[in-house]
Amino acid sequence: MAQLWGGRFTGSINELAWNFNASIGFDQRFLEVDVRGSKAHATMLAKQGIITEAEKDDIIKGLDSIFSDVKDGKLVITDKYEDIHSFLEANLIERIGDAGKKVHTGRSRNDQVALDMRLYARDEVEQMAELLKNLLRTISGIMKDNLDTYMPGFTHLQKAQPVTLAHHFGAYYEMFKRDLLRMKDIYTRMNYCPLGAGALAGTTYPLDRVYTATLLDFYGPTLNSMDSVSDRDYLIEYLSALSTIMMHLSRLSEEIIIWNSNEYRFVEIDDAYSTGSSIMPQKKNPDIAELVRGKTGRVYGDLMSLLTTMKGIPLAYNKDMQEDKEAAFDAMDTVKHCVTLYTDMLKTLKFNKENMEKSASKGFTNATDAADYLVNKGMPFRDAHSVIGQLVLYCIDKECAIDDLRLSELKRFSELFEEDIYDAISLKTCVEKRLTIGAPSKEAMMRVITENEAFLMGFKLM
Ligand code: ARG
């Protein structure tokens, strides 16, 4: 056991308590950010004359050498150390001697770990924005390829009105676009540097916190030292945004699972993204989609765990906060995998356009348009609704579609029906006449796609 705080103690810590307390098992992924933060801190200390230039140079060289030795496997991070901060400081002292003992001047592990988490989460937000951009580009490609792929639109999972596959995916585009915008929003609020807050009350050294913040590409320093060490709001915001991404992916998964079912056959998932059954040779299961749906609960759990950890914590730092890490890392890893895998799966997804169109032409998806036809011929909408309702009942009995009826049959329901009814309720007309912003016609969709492409081109996280 190599702890940083032996001086005040006479007895030694119980082994179970040591292991219980230690975080090195999971915070070693802070190695890179901890080094980055310590280098900036040392640079600032030297600029302020708190350590010498030579000491700063030794510290930076020492930290770099530790980092590369760990990366090369020459130095192993072991549970002899309590956490990654202790590991680095102990090794630094071992390598450069007394200068190493000065790296922690004007700093506490409380602001150190607060900085590490912020740097780590900021990198994650940047990566997630890129992954979401890829996903959006993929969806946009599917949309452009399927502007005239007619399919039923559903409400209550019952066929409602015809749409296109482009329009259906357009809904997901909007969801993931909001997810991307949430990354920007979170970034804007989180990008402030907590280093220099000390344990909770700042320090008496003349630290230049603005300089440290600049060195680490933050907008500036955080403004209250107690809040700086005990704030994990940005992490909660990020996990909440990750949960929303998962919710969207889970809804899409649900659709893909239904569309892939033997009954629907709207899509075929590529072999690369499906699995078989150990007993039923005919099976090809949509496991990736199911697992993404399943992992959504896990990410929600991570968010709940963090919210619950934070809710009872008085100011400022309390050890409970060490529990932020495993939940946050789990959510970050899980969602990155899911978005990456999903983008690839969508790229190889095959759409059975014929089945979609066949399905759209059954189930009276043009009933609203038939009613609108009568309205255009002068009938009040409520009356038209009733006439078409009776017509649908008649068709159900005859097991046919409205368009299958002869004009003479239609006229029995209303004299207003003319030969032009067939064109008015064709699948194509039903879709292409829907021209308002956000509607499924090709013309309306193309406008939206152009607007969204411009949005994505111009998107900047910071
Ligand atoms: N491992 C600790 C954490 O993750 C680092 C901060 C320790 N600070 C302290 N006062 N014990 O929260």
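The values are calculated or read from the model by the stated rules, or taken from the named source; none is laboratory data. None of these values were measured; they are calculated from a predicted model. Glycine gets a Cβ as well: all are built from the backbone with ideal geometry, and neighbour counts include every protein chain shown. The area values use the complete protein model at the heavy-atom level, side chains included, leaving out ligands, DNA and RNA. Shrake-Rupley method; radii C 1.70, N 1.55, O 1.52, S 1.80 Å.
Miscellaneous remarks
- For the stretch 162-278, the alpha-carbon radius of gyration amounts to 1.70 times the rule-of-thumb value 2.2 N^0.38 Å expected for a compact globular protein.
- Additional length obtainable on full extension of the chain from residue 226 to residue 64, 0.36 nm per residue less Cα span: 55.2 nm
- With both labels modelled 7 Å from their Cα along Cα-to-Cβ, the residue 271 to residue 254 distance reads 3.2 nm.
- Alpha-carbon radius of gyration plus Dmax, which is the widest Cα pair, for the stretch 325-384 in Å: 23.1, 66
- Per-residue ³J(HN,Hα) for the stretch 5-17, Karplus 6.51 cos²θ - 1.76 cosθ + 1.60, θ = phi - 60°, Hz, x for Gly and Pro: 10, x, x, 7, 9, 9, x, 10, 6, 4, 5, 4, 5
- Divided by 2.2 N^0.38 Å, where N counts the residues, the Cα radius of gyration of the stretch 91-249 comes to 1.52.
- Taking every alpha-carbon pair in the stretch 268-350 and binning the separations at 5 Å intervals from zero gives 3, 13, 18, 15, 13, 11, 8, 7, 5, 4, 2, 1 percent.
- Entry comment: accessible area of the chain is 48 Å² per residue, from protein heavy atoms only and a probe of 1.4 Å.
- Estimated vicinal HN-Hα couplings, Hz - the stretch 109-120 in sequence order (Karplus 6.51, -1.76, 1.60; Gly, Pro = x): 5, 5, 7, 5, 6, 5, 5, 4, 5, 5, 5, 5
- Overall dimensions of the stretch 71-167 as given by Cα atoms, namely Rg and Dmax in Å: 26.4, 76
- For the chain, the longest principal axis of the alpha carbon atoms and the long axis of helix 84-96 meet at an angle near 40°.
- Helix 287-311 axis, angle to the chain major axis (alpha carbon atoms, nearest 10°): 50 degrees
- Exposed GluC sites (Glu not before Pro) absent: longest stretch of the chain, with sites in DSSP loops and at most 11 other Cβ within 10 Å deemed exposed: 1-262
- Degrees, to the nearest 10: 165-190 long Cα axis against longest axis of the chain: 20 degrees
- Share of pairwise Cα-Cα distances greater than 17 Å in the stretch 348-439 is 52 percent (whole percent).
- Temperature 37 °C, viscosity 0.692 mPa s: under these conditions the Stokes-Einstein estimate for the stretch 207-250, based on its Kirkwood radius over C-alpha pairs, is 261 µm² per second.
- In order through the stretch 123-129: 3J(HN,Hα) via Karplus (6.51 cos²θ - 1.76 cosθ + 1.60), integer Hz, x for Gly, Pro: 4, 5, 4, 4, 5, 5, 4
- log₁₀ of I(q)/I(0) at q = 0.12, 0.20, 0.26, 0.28 Å⁻¹ - the stretch 102-154, Debye sum with one point per alpha carbon: -0.54, -0.81, -0.96, -1.01
- Filtered chymotrypsin sites (Phe, Trp or Tyr not before Pro), the stretch 156-199: DSSP coil and at most 10 other beta carbons within 10 Å: none
- Cross-link pairs beyond the 26 Å C-alpha cut-off, checked among 159/353; 101/319; 398/442: 398/442
- Rg/Rg_globular for the stretch 307-462, with Rg_globular taken as 2.2 N^0.38 Å and Rg from C-alpha atoms: 1.77
- Projected area averaged over orientations for the stretch 220-359, convex hull of C-alpha atoms, nm²: 11.9 nm²
- With every protein chain in place, the chain: carbon and sulfur % of accessible area (1.4 Å): 53 percent
- With R₀ fixed at 30 Å, the C-beta to C-beta distance from residue 428 to residue 178 puts the FRET efficiency at about 0.45.
- Backbone amide hydrogens, once placed in the peptide plane, bring residue 163 within less than 5 Å of 151, 153, excluding anything fewer than 5 places away on its chain.
- Per-selection Kirkwood Rh - the chain (Cα, Å, 1 d.p.): 26.5 Å
- Each principal axis of the Cα atoms in the stretch 1-95 has its own extent, and those three values, largest first, are 42, 34, 19 angstrom.
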